[in-house]
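Below is one structure; the comments refer to it alone.
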Amino acid sequence: MAFDAQAYGDVFAELISEKRLNPLDGGVENSAAESQLKALNIESAFAGKNVVDQDMADACISGAWLYHNFLDASHTISQGIQTHTGSFWHGIMHRREPDFSNSKYWFRNVGDHSLFDAINKEAQGIAQTAGDAPDFLISQTAWDPYAFVDLCADALSGKSSADALCREIQQREWELLFDFSYRHAVGE
């Protein structure tokens, strides 16, 4: 399923319509989006929708900051979300810092997230078209966030040539988690 930014309302659509294949590390903050991000709040972002889960709504806002490489702002929000999904956003942010051991800590707090099956399937599809993907991405039967953290670490350090592959998987992971957070925020 293709990611459709328009499905999340006008405010989010403006912020996430541009496909950003973000780097595995913190990257450069997208200053062009900063004023929009600073103005972002649950009332405006979810205008016309009934928010039934405040934590999931906050997760969407954390995700929007992360999408534009504002790791500190994303972190401030995600660390206050005491749910498996909040820990998921927190783990991604630390993976991109890069603070790999801290990322794994937060993924332990995630547990077995209901999105892992979808992420595993998407990662397998991306890996199969990549050609030189690590075997575990194609053969694993369940998503292993720790192995993905290790692969990202190896790609960043130059021990692996999987940077582009990891970035594609990271993008799809972000899209799936944002959609999950949004749908739960509005009770869909």
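Throughout, read-outs are computed from the coordinates displayed, never taken from laboratory work. None of the values given here were measured: they were computed from a predicted structure. In this analysis, Cβ positions are derived from the backbone assuming ideal geometry, glycine residues included, and neighbour counts consider all displayed protein chains.
Backbone phi angles across the stretch 174-185, fed through the Karplus curve with coefficients 6.51, -1.76 and 1.60 (θ = phi - 60°), yield HN-Hα couplings of 4, 4, 5, 5, 5, 4, 4, 4, 5, 4, 6, 4 Hz in residue order; Gly and Pro are listed as x. Stretching the chain fully between Ala142 and Leu21 yields a gain of 41.1 nm (0.36 nm per residue, less the alpha carbon separation). The computed mean projected area of the Cα convex hull in nm² for the structure shown corresponds, within (1) 10.8; (2) 9.8; (3) 13.6, to (2). Approximating the spin labels as points 7 Å out from Cα along Cα→Cβ, the Glu29-to-Lys49 distance works out to 2.6 nm.
Phi angles of the stretch 33-44 translate, via the Karplus equation with coefficients 6.51, -1.76, 1.60 and θ = phi - 60°, into HN-Hα couplings of 9, 4, 5, 5, 5, 5, 7, 5, 8, 4, 4, 6 Hz per residue; Gly and Pro are given as x. Gap in Å between the Cα centre of the stretch 26-53 and the Cα centre of the stretch 149-179? Computed from Cα coordinates, the inter-centre distance equals 24 Å.
For the stretch 70-182, with only Lys/Arg (+1) and Asp/Glu (-1) charged at the beta-carbon, what is the dipole magnitude about the Cα centre, in debye rounded to 20?
Numbers: 8 positive and 16 negative charges, 38 e Å.
Result for the stretch 70-182 is approximately 180 debye, rounded to the nearest 20.
Can you tell me the orientation of helix 116-130 relative to the chain, as the angle in degrees between its alpha-carbon axis and the longest Cα principal axis, to the nearest 10? Compared with the principal axis, the helix lies near 50 degrees.
Per-residue ellipticity at 222 nm, computed for the chain from helices alone with -39500 (n - 2.57) per DSSP H run of at least four residues, works out to -19500 deg cm²/dmol.
Using only the alpha-carbon atoms, how far is helix 84-96 inclined from the longest principal axis of the chain? Give it as 0 to 90 degrees, nearest 10. Here the helix axis deviates by roughly 60 degrees. Between Glu97 and Asn109, the simple label model (points 7 Å from Cα in the Cβ direction) yields a spacing of 1.1 nm.
When the Cα positions of Gly111, Leu165, Gln54 are compared along the charge dipole of the chain, Gly111 comes out farthest toward the positive end, with charges on each C-beta of Lys, Arg, Asp and Glu.
By per-residue mean of other Cβ atoms within 10 Å, what is the highest-first order of 69-79, 12-22? Could the numbers behind the result be given before it?
On the way: 69-79: 19.5, 12-22: 15.5.
So the order, starting with the most tightly packed, is 69-79, 12-22.
Peptides 47-54, 177-184 ranked from most to least packed give 177-184, 47-54, packing being the mean of other C-beta atoms within 10 angstrom over each peptide's residues.
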